[in-house]
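Working notes, beginning with the structure itself.
Values in this text are rule-based calculations from the coordinates and carry no lab data. The structure presented is a predicted model; accordingly, all values stated were derived computationally and were not measured. FYI the Cβ positions are ideal-geometry reconstructions off the backbone, even for glycines, and counts take in every protein chain you see.
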Amino acid sequence: RNKVMVNYLKKEIQHLIIPDEAPYFEALGAALWSLKLPEKQSLDKAKLYKVNTSSFAFLSPLKDYEERVIFKTMERKEAKAGDRCIIGLDVGSTTTKAVILREADNAVLASEYLRTNGDPVAAARKCYVSLARQVKTDLEIIGLGVTGSGRQIAGLHALTDGVINEIIAHATAAVYFDPEVDTIFEIGGQDAKYTYITNMVPSDYAMNEACSAGTGSFLEESARESLGLEMEEIAELAMSATNPPNFNDQCAAFISSDIKNAVQEGIKREDIVAGLVYSICMNYNNRVKGNRSVGKKVFMQGGVCYNRAVPVAMAALTGKNIIVPPEPGLMGAFGVALEVKNKLKLGLMKEKSFDLNQLAAREISYGKSFICNGGSDNCDRRCKIAILRIDGKDYPFGGACNKYVNLVHNLDEIAQAEDLVQLRERLVFDKYAGRLPEKLKPVAKKIGLLKSLLTNTLYPLYSNFFTELGLDVVLADKIDPAGIEKRGAAFCFPVEISHGMLADLLKQKDLDYIFLPHVKGLNVENNIPISFTCPLVQGETYCLRAAFNLNNDERIISPVLDFVGGYEQMKSEFVSIARQLGFSALEGERAYEKAMSKQLAYLNEAQSIGKEILKQLEDNPEQVRIVIFGRPYNAFAKEANMGIPKKLTSRGYLAIPCDFLPYGQEEPQERMYWSMGQVILKAAKFVQRHRQLFGLYITNFSCGPDSFVITYFRDIMGRKPSLTLELDSHTADAGIDTRIEAFLDVINSYLELLKKKERAEGRKKAFSPARVIYGRQLKVRDSFGNIYPFTDPKVHSLLPSMGDLSMQMLAASIRRAGMRATVVTPPNDEELKIGRAYASCKECLPLILTVGSLLKYLRERKDKDEILVYYMPEAPDPCRFGQYSVLMEKIINQEQIENVAIFTLTSGNSYGGIGWRMLLRAWCSVVIADVMDEIYSALLALARDKEEALDIYKQCCAKVITSMEKDSWLGLRRVLMEVATELAQIPLLGSYEEACKIALIGEIYVRRDGFSRQYLVERLAEKNIISKIAPVHEWVYYCDYLIKNDLSEKCTKMDKLRVKMETIFKVRYEREIKSILAKSGLYKYQLMEVDKIVERVAHLISPALSGEAILTIGAAISEILNEVAGVISVGPFGCMPSRVAEAIISKTINNEKKREAAEDQLIKILLEIHPYLPFLSLESDGNVFPQIIEAKLEAFCLQVKRINKNLLDLKRRLG
């Protein structure tokens, strides 16, 4: 029906068929499918809808908080002839606002508020027309200020120098109405801002990053598109709501499906609208304000506040009284007019006459654009510059930096010593790069490298090594968009660039080799012993090889390089590379010595430049420098940093790469095992102490490490201003410019406050957190210095929930050791909400839920005198899991929670340290729970009477838990045999062997927790599909595997010996437990063989990349068609190992099974029928799955049922 789309498709597709039934194709398909079902069922309309059930949690009515909001008013004044006035113009992305301010008394004489409609100049001209109509007398307009996202082009049209960023404009307006205001929440059409004010000056701020879900356009578009409501109708409806659903801080892309779900559930329209209002305030709180301070007096501004329901929702969520100033949507325009008045008074601007009618009539025409040649600093971004013709004069406009803004406003181009980020690139890829002499190139073999990820630091090493061997290095530095489309998962921007660059490199047909190293860790001076690069950096080579089908390409050179111990440590590995290329060991050693000397020379020069800059600052105490924080491949690479260093230098601020600073002797950040995270945080400590240095942090959307590192970075900076810019391939220049200008203004305000010595921070009372004392006997020191053994009745061991049964079993095994142990209740929306309030909301879901569970327990506990020990294991691998305990301890310190300690056991030594007997009892509890969970899934799918079957199952679980705590192994074994007998007597619809089964794999917490996985097991069981959940004991065996194969970073020789001994007993107990419970007929006896799982996929991903990715890949490829009919991999949103696994599985699973088909006739025939195997990768953020995921899940279920049917038929045929 969309004619434009149809015409486009007809151009692209020669024989396009659009059947008449297209508008209702899905419904027709469902009807036809139902006709083919063997069993016909009559339609019972009474059972068509579920009554009194909902997938949503609910919030308090907004009207309960109405008294918390104060709406201020302001009287309009009449204009008088000859009034000296200033125009304030706020050109936003969605709306444009204007005021006329009288200089004498700051009275607003006229105002306008209208739609921008994508044309800032046209909107500004309409404002001038409206203002002229409202004023009935002649005014003397002496200044014109412009703010908002369209300020530059609107300011150029007005030919004014009064162009001011909106942070300053809004702060100026707020302070005018109340000098005591210290916090501003501002929500506009597409921007949302937080500003903290100290002594009437902005001293800290934040803006929304890539997401628009906490903005006015989100609310307006969602209400209009999903509910048919106009903006003006929202407030009254929302305030009348009695039971608003909790949509959480939902992404704008998914909210429409949530609204549809709410409508389908029969939730009232007014409640849905109130839920939407709550949602934008939650998004603002979690993603904009984050964990920043909220002061004593809070103003809320922006056009959204005309909808009175929004500030009421904000009051409900923050627990703060909210003040809404008069005309909240005009505050930007009013503030910029006040700011221009102040500048005129201080002589920072000159008076200039403006005429409203002339401004309204002034047109802009466009001349021929040109490409910027980069100027004196040899910038090679090649920005397209427009020519705007205004009043007969041409003005250049555009570009990533401020060069042409300076030119238009007659400012001398800022004198720049040099762009140090650009200099860094020249040092890496020019001065210290290896080059083969031209005369040798015609006969030399060629090796291709990507200008991606850590090549942006290590290129001197790589290029010199290969050129010394006589190879011609071909560097891919162009991004082919077609390559990005080949990626197998949703990656961050830098990894997308990797894919684009490899696509460009592969166009060169004469390459002899392609170098795609796995860089495991980097050397960081004065670091902690364990150091990794992130899983995506490590997994780059494996994801690229899978995406471009290069796993069997003999040109690929993919060594594992670990520089943690220094460059000298990697000599033998590079010698091996040389021998692989056909050179002798001696040639390889000489080449590496030369390469290493060049790499070290580059690093030394970078440090020397940094020291020289610091010396210059000592000599010029009024100068300020901006330190760029980030990684070599996003902050210091021109392909990824969006020209941000140029934006700073063109505004007069020299930008310094953080790795130029002398951070080496800074104290390492405790338990910061990411190499680049350690560099960033050590440099941050240096910057925080230096009065003239300020930090700008460049990150990328869904960057896993930065979901924690940025929080630590901000903690280090404290109240010192810093800026975080989140970039992806869609980031716009205008938004970056706004944030940078605000940042620079806030720095200047901060420095003025320092001069006045007005930034004294209030001191918190002395606090000592409780700590676990590790040793032969586990003890805990409380907040007052008293020491208790874990077995003391006062000490309470609290376990997080990760699949309720498994943790109940584990708690029982701990109680058997004489400790008081319980488990938190399984999480739901409440824990999610609490956890988000104490996190940045970019962390992974398990962290948020386990934090929320702990804090909920603390709020509700009855024994306030207990010493609480919260169990939170860690893993010495590059996943985010190891940061959970760190962030929890930070929250305990920040909130000064007494007598709560975090107890961490590490998988690095396979959880050694809890004693032999307790470990084996814990092992039994884990294996039993894993098997019982699978039995639970089988009963859900197969039991004739599910309610009765689940009652029997729960009674069996209770027996085992009691026995786990009270009985010896013989007693526990006897109980297991009784349980197996009871379970075997439950009547079933069919046999376990023939039932349709899928493997549920992925991140260990999400796949085990019902709320996190959105009750997938139960939902699949409704379709008679059994979920075989990857067991927890698989992970424990994997930890043993790492130790036995010297792949663990945190084990000793004694750990290795201990694990070998323990494994003997673990296997013995596993064999006996599984053989007993298999007699239930609800479980297939199968021992866990992690070695085989890893070995099966070692050609796809190296075991050196430790963590869950290799287990997920191995399980998927090993089990599909052999044990299950399909695979679902589930993980938290943004989980790095899950995305590596998805990228590899999605691209290789079909070909890998074809390899098996050569030796398995059954698989061969199945693949002929089903060449594309059902694999589904899901990510969970705690919200219900969006509609598109539901549709994929439906299709997946149909496919696995067909495969299972064909599999059973083939088995019967083949005997």
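Would you mind ranking Glu270, Glu485, Glu75, Glu1190 by Cβ crowding within 10 Å, fewest neighbours first?
Glu75, Glu485, Glu1190, Glu270
Sort the range 206-327 into rounded, prolate or oblate with this rule: let a ≥ b ≥ c be the square roots of the eigenvalues of the Cα gyration tensor; rounded if a/c is under 1.5, and if a/c is not under 1.5, prolate when a/b is larger than b/c, oblate otherwise.
Verdict is prolate for the range 206-327.
Which ³J(HN,Hα) values in Hz, rounded to whole numbers, follow from the phi angles of the range 860-870 under the Karplus curve 6.51 cos²θ - 1.76 cosθ + 1.60, where θ = phi - 60° and Gly and Pro get x?
9, 5, 9, 8, 6, 9, 5, 9, 8, 10, 9
Within straight cross-link reach of Lys446, meaning Cα distance under 18 Å, which aspartates and glutamates are found once same-chain residues fewer than 8 apart are removed?
By straight Cα distance, Lys446 reaches Glu438, Glu468, Asp472, Asp477, Asp504, Asp510, Asp512, Asp553, Glu554, Glu587.
Taking amide H positions as placed in the peptide plane 1.01 Å from N, state which residues far from Leu561 in sequence (5 or more) or on other chains have amide H under 5 Å from it.
The answer is His518, Val519, Lys520.
Can you count the Lys pairs in the range 605-755 with C-alpha separation below 21 Å, eight or more apart or on different chains?
Lysine pairs, 8 or more places apart or on different chains, close enough: 9.
Can you give the % of DSSP beta bridges in the chain that are antiparallel, to the nearest 5?
In the chain, approximately 35 percent of DSSP beta bridges are antiparallel ones.
Starting from 0.36 nm per residue, how many nanometres of slack lie between Tyr1015 and Glu978 once their C-alpha separation is accounted for?
Length difference between fully extended and current span is 10.4 nm.
Using modelled backbone amide H atoms (1.01 Å from N, in-plane), which distant-in-sequence or interchain residues come within less than 5 Å of Phe532's amide H?
Here Trp674, Ser675 satisfy the definition.
Sort Ile87, Ile897 by Cβ crowding within 10 Å, fewest neighbours at the top.
By the 10 Å Cβ count, ascending, the order reads Ile897, Ile87.
Based on DSSP H runs of at least 4 residues, each adding -39500 (n - 2.57), what is the mean residue ellipticity at 222 nm of the chain after dividing by all its residues, to the nearest 500 deg cm²/dmol?
It comes out at -14000 deg cm²/dmol, rounded to the nearest 500.
One quarter of the convex hull surface, Cα atoms only: what value does that give for the range 779-924 in nm²?
8.7
I'd like the orientation of helix 120-134 relative to the chain: the angle between its Cα long axis and the longest Cα principal axis, in ° from 0 to 90, rounded to 10.
For 120-134 against the chain, the angle is about 50 degrees.
Using Cα-Cα distances under 8 Å and only pairs 6 or more residues apart, what relative contact order does the range 964-1081 have, in percent?
36
Relative contact order of the chain: what whole-number percent is it, with Cα pairs under 8 angstrom and at least 6 residues apart?
The value is 9 percent.
Starting from the Cα of Lys384, step 7 Å along the direction of its Cβ; do the same at Lys445; then give the gap between the two resulting points in nm.
Spacing of the two 7 Å Cα→Cβ label points: 4.4 nm.
Using a Cα distance threshold of under 28 Å, what count of lysine pairs results for the range 920-1038 when pairs must be 8 or more residues apart or interchain?
Within the range 920-1038, the lysine pair count is 13.
Would you mind estimating how fast the range 422-598 diffuses translationally, via Stokes-Einstein at 37 °C and 0.692 mPa s with the Kirkwood radius over Cα pairs, in µm²/s?
This corresponds to a translational diffusion coefficient of 197 µm²/s.
Could you state the number of Å between the C-alpha centres of the range 776-855 and the range 543-574?
With the range 543-574 and the range 776-855 each reduced to a Cα centre, they are spaced 41 Å.
Starting at the first residue of the range 673-681, write each ³J(HN,Hα) from the Karplus equation 6.51 cos²θ - 1.76 cosθ + 1.60 with θ = phi - 60°, in whole Hz, x for Gly and Pro.
Coupling constants for the range 673-681: 8, 7, 3, 5, x, 5, 4, 4, 6 Hz.
Can you list the residues, at least 5 places off or on another chain, whose amide H is less than 5 Å from the amide H of Thr791, using H built in the peptide plane?
none
Note down the relative contact order for the range 771-904 as a percent, whole number, built from C-alpha pairs under 8 angstrom at least six residues apart.
That works out to 25 percent.
Taking the 0 to 90 degree range and rounding to the nearest ten, how far is the long axis of helix 493-505 tilted relative to the main principal axis of the chain, both from C-alpha atoms?
In the chain, helix 493-505 runs at an angle near 80 degrees to the longest axis.
How about Lys1074: which aspartates and glutamates have a C-alpha closer than 12 Å to its C-alpha, ignoring those fewer than 8 places off in the same chain?
Qualifying aspartates and glutamates at Cα under 12 Å: Asp930, Glu934.
If each of Asp728 and Lys1192 carries a label point 7 Å out from its Cα toward its Cβ, how far apart are those two points in nm?
With each label placed 7 Å out from Cα toward Cβ, I get 1.4 nm.
With the calculation restricted to Cα positions, what are the radius of gyration and Dmax of the range 1113-1202 in angstrom?
When restricted to the Cα atoms of the range 1113-1202, Rg and Dmax are 13.9, 44 Å.
I need Thr183, Thr195 ordered by Cβ neighbour count within 10 Å, fewest first.
Final ranking by Cβ density, sparse to dense: Thr183, Thr195.
Alpha carbon centre of the range 919-993 versus the range 5-24: separation in Å?
55
Cα centroid distance between the range 458-531 and the range 71-147, in Å?
What the calculation gives is 54 Å, centre to centre.
Where a ≥ b ≥ c are the square roots of the eigenvalues of the C-alpha gyration tensor, would you call the range 605-755 rounded, which needs a/c under 1.5, or, failing that, prolate if a/b is larger than b/c, or oblate?
rounded
Mind running the shape call on the range 82-191? Use the C-alpha gyration tensor, a ≥ b ≥ c as the square roots of the eigenvalues: rounded below 1.5 for a/c, prolate if a/b tops b/c, oblate otherwise.
Because a/c hits 1.5 or more and a/b fails to exceed b/c, the range 82-191 counts as oblate.
Just one of [x] 0.97; [y] 1.04; [z] 1.46 is Rg/Rh (Cα atoms, Kirkwood Rh) calculated from these coordinates, so which is it?
Computed from the coordinates, Rg/Rh (Cα atoms, Kirkwood Rh) corresponds to [x].
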